[in-house]
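Here the structure is laid out as structure tokens; the discussion comes afterwards.
Quick note: the coordinates plus some simple rules give every number you see, no bench work behind them. Keep in mind the model is a prediction, meaning the values are calculated, not measured. When we count neighbours, we look across all protein chains shown, and the Cβ atoms used for this are built from the backbone with ideal geometry, even at glycine.
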Amino acid sequence: MFLNMRKQTFFIGLSAGFLSAVLFSCQAGRNNPGRIYTPDMYYSRAYDAYSVNLVYPDSMSSRLPVPGTVPRGHTVNAHELLPFNLPQSDSAYAVSGQVKNPLPVITQATLDEGQRLFNIYCAICHGEQLDGQGPLYKSGKFPVQPANFHLPQYLKMPEGTMFYSVTYGKNLMGSYASQLSERQRWEVIAYIKSVQAKDLAKGADSTAVAKK
């Protein structure tokens, strides 16, 4: 008898505790965390990028960078790589040749990296020999041959125009701005120009021999 009463008391207490937990959990304000030991860490003072911010006329917290700002990672040997600010347009393409390679020093390491990147991203179409005979073209997938960088029109093409074409795409070639950083694009172009310099030197030697 005594044992049964203890069991009854236990189950009554357990049921009351469960019922109390259910009732308290259903009350309003249950998401209130109570007292916060470090409110500055619990509630961020920074603006949420997608929140409404009445400080600005457009009510947007996420702001565009200041014009002319150089992004992080664009520092090369204490020199800043200036952003390529030409827009995608026919008029910008026409003046893109005035843009010079901003890499302060073109070393053998720069050319080696440019060749490595070229073989990864460009050789599939342009060929490892830069002759437009890449595997994708030779497979018959392209109706026209990709640029052969040994031809006169490409030997004379300014590096800024090449950079524009890689950045925005040209003809059947799409943009590679998402695959290659600005520095990497300039490294690829430096490599192409180094190969073309050898072609020009051979041409000059041939002309000198012919004149003799």
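Observations, loosely collected:
- Summed residue charge, Cβ within 14 Å of Phe163's Cβ, Lys/Arg positive, Asp/Glu negative: +2
- Residue order, fewest to most surrounding Cβ atoms within 10 angstrom, among Val95, Val195: Val95, Val195
- Quick note on region 82-211: its Rg to Rh ratio, both from C-alpha atoms and Rh being the Kirkwood radius, is 0.97.
- Counting lysine pairs in region 82-211 that sit 8 or more residues apart in sequence, or on different chains, and whose Cα atoms lie under 24 Å apart gives 15.
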